[in-house]
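The values are calculated or read from the model by the stated rules, or taken from the named source; none is laboratory data. As the structure is a computational prediction, the values presented were derived from the model and not from experiment. Virtual Cβ from ideal backbone geometry, glycine too; neighbours counted across all protein chains shown.
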Amino acid sequence: MPILHPVYAAMGTTVFEEMSGLARQLGAINLGQGFPDDPRAPELIEAAARALAERSNQYPPAAGLPELRDAICAFYARRQGLDLSREQVVVTSGATEAIAACVLGLVQPGDEVILFQPAYDAYAPLVRRAGGVPVSLSLLPPLWRYPCDGLRAAITPRTRVLMLNDPLNPAGSVASEAELAEIAAVCIEHDITAICDEVWEEVRFDGVAHRSLMTFPGMAGRAVKIGSAGKVFGLTGWKVGWLAASAALAGGLARVHQFLTFTTPPPLQWAVAEGLALPDGWFAARNAGWAASRQRLRVGLEAAGYAVLDNAATWFVCIDLAASGLDMDDRSFSEAAIRKAGVATIPVSALWEGAGAPRQIVRLCFTKSDVVLDEAIARLTAFRTDRAA
Ligand code: GLN
C-alpha cells in the first residue's frame, strides 16, 4: 500500500482551490482566489507570443535566463533602490516554488520556524515536510500589527528561520519601519534567516515605496527576497517568480530549485524581462486601475452595510462580519455566500492554525471588471439584507 507522508495525508485541498472549484461548479462570481479577470498587461501577452514563435523553447539555464535575472536586478534598483547582481537571482516557477526551495534548503529536522498568521497556507505544511516545527504568532484585526514582544518570547535556541509576508495577504496591511527594524534586530541577535515573501511589493495603494527586510543593516546576508511576476503583472497562471539573496545563499538555493522544477518556460521569462523594463508610468497606470476597482468594491460593500477594514496593499479587501451586523462565522458566511448569493470569498480563519483565529473576517478579491464587481455587490447586498440582525 502506498503511504502518503502524514503532512499530506492529514490535509485537505487549499481553500483557494476549494473556493475556485466551487465557483466553477456553481457558476458563482469568484472573489475568492486572488487573480485579475482582465490582465492589464497586453504588452506581456504579445511579448510571450513573440518569444514563443521566435526564441528558444528548450531548457533555459536553471537559474533563469540571464536577461530576466538582469531585468529583475534593474527593476529592483529602479523601484526599490536595491543593488543586486545576476548571481543573486534565481528564477522559479512561481513564488510558491521559491518559498518551497527556501524552506527545503534552509530548514532542518527539529528547527523551529517563526510564522506570522494569517499565513499563506503553504508555509506550515512545507516547514513540517522539511522536519521543522512551525511556531506561529498571530496578527489580529483590525490593525494586524506585529507582536514584537511575542516574537522575542517565541525565540528559542532551535529557532533558525522566520517567514515574513509583507505586504500581508489576506490583510492587505504593511509592516511599519519600526516593526521591520525590530524583526531584523531579532534575526541578527539570534542568527535567524528570513524568508521574505514580498510578492505584493508592487501592489500598494498608500503611495509608499516598498522596503524589503533585506535592506535593514545586517540583513543582506541573511534574508531571501521572493517576488512574483504573477502579482506584478496580474498574470497569476504564468507561475513566474524569483528569489534574490546574497550570491552565496542564492547559489545554494539554486541547487534546491534545480531538483524542484529545474526551469521555468523560457517564452514567459522573455516576456517578463520585457515587462519589467516598462516605464514607471505603466506601473502607475496599472495600479490606478486596481485602485479604482478597490474603491468600487469598498464603496459598494459599505453602502450595503458591510464593515470593510482599512488596508494599504494587495488585491483584497476584508470585511468584519460582526461589525457588519452579521451573526455568523467566516466559514458559514463563505459557504452561504457562494451557494445562496453566487459569490465566492475566502474565510480568513482558513489561513490560521491552532486556537485563537478570529472567525469574523472574510477576504474578497477586487481585481475584476466593473460589471463583475457591480453584480457581486448587488448579490452581497441582497444577501446581507436577508441576514443582518
Ligand atoms: N495567493 C493566492 C491568493 O491569495 C492563492 C495562490 C494559490 O491559490 N495557490 O488568492
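Among the residues here, residue 64 qualifies as assigned to a loop (DSSP other than H, G, I, E, B), in contact (Cβ under 8 Å) with a residue 40 or more places away in the chain and closer than 20 Å to residue 233 by Cβ. For residue 113, the requirement of being of a type in the set (Val, Ile, Thr) and closer than 19 Å to residue 184 by Cα is met. Looking across 50, 40, one residue alone is surrounded by 13 or more Cβ atoms within 10 Å (Cβ to Cβ), away from the ligand (no atom under 14 Å from the Cβ) and modelled with pLDDT of 95 or more. It is 50. Working only within segment 223-244, note down all residues that are in contact with a helix residue (DSSP H, G or I) (Cβ under 6 Å, 6 or more places away or on another chain), farther than 19 Å from residue 313 by Cβ and not aromatic (Phe, Trp, Tyr). The answer is 223, 224, 240, 243, 244. Has segment 96-104 got any residue that is out of contact with any Gly (no Cβ under 9 Å at 6 or more places or on another chain), more than 30 Å from residue 277 (Cα to Cα) and either among the polar types (S, T, N, Q) or at pLDDT 95 or above (or both)? There is at least one residue in segment 96-104 that is out of contact with any Gly (no Cβ under 9 Å at 6 or more places or on another chain), more than 30 Å from residue 277 (Cα to Cα) and either among the polar types (S, T, N, Q) or at pLDDT 95 or above (or both).
Could you please let me know if residue 59 is modelled with pLDDT of 95 or more, aromatic (Phe, Trp, Tyr), away from the ligand (no atom under 16 Å from the Cβ) and over 22 Å from the mean Cα position of the chain (by Cα)?
On the way: modelled with pLDDT of 95 or more: yes; aromatic (Phe, Trp, Tyr): yes; away from the ligand (no atom under 16 Å from the Cβ): yes; over 22 Å from the mean Cα position of the chain (by Cα): yes.
So residue 59 fits the description; yes.
Each residue in segment 64-114 was checked for being in contact with a Ser or Thr (Cβ under 6 Å, 6 or more places away or on another chain) and within 16 Å of the ligand (Cβ to nearest atom), and 4 pass. Between 187, 196, which is in contact with a helix residue (DSSP H, G or I) (Cβ under 9 Å, 6 or more places away or on another chain) and either in a loop (DSSP other than H, G, I, E, B) or within 16 Å of the ligand (Cβ to nearest atom) (or both)? None of the other options fit; the residue is 196.
Looking only at segment 1-34, how many residues end up being touching a Phe, Trp or Tyr at 6+ places or on another chain (Cβ under 8 Å) and of a type in the set (A, V, I, L, M, F, W, C)? Before the answer, list the steps.
Within segment 1-34, the subset touching a Phe, Trp or Tyr at 6+ places or on another chain (Cβ under 8 Å) is 31-34.
Okay, now just the ones that are also of a type in the set (A, V, I, L, M, F, W, C), so 31.
Number satisfying all stated conditions: 1.
Can residue 19 be described as within 16 Å of the ligand (Cβ to nearest atom) and either within 18 Å of residue 342 (Cβ to Cβ) or surrounded by fewer than 19 Cβ atoms within 10 Å (Cβ to Cβ) (or both)? Yes; evaluated as a whole, the condition is true for this residue.
How about segment 116-130: which of its residues are within 16 Å of the ligand (Cβ to nearest atom) and surrounded by 21 or more Cβ atoms within 10 Å (Cβ to Cβ)?
So the first thing to find is which residues in segment 116-130 are within 16 Å of the ligand (Cβ to nearest atom), and the list is 116-126.
If the condition is that a residue be within 16 Å of the ligand (Cβ to nearest atom) and surrounded by 21 or more Cβ atoms within 10 Å (Cβ to Cβ), then 116, 117, 118, 119, 120, 123, 124, 126 are the ones that fit.
Only one residue in 32, 12 is touching an Asp or Glu at 6+ places or on another chain (Cβ under 9 Å) and at pLDDT below 95. Which one?
Within the list 32, 12, the selection yields 12.
The number of residues in segment 155-176 that are part of a loop (DSSP other than H, G, I, E, B) and of a type in the set (S, T, N, Q) comes to 3.
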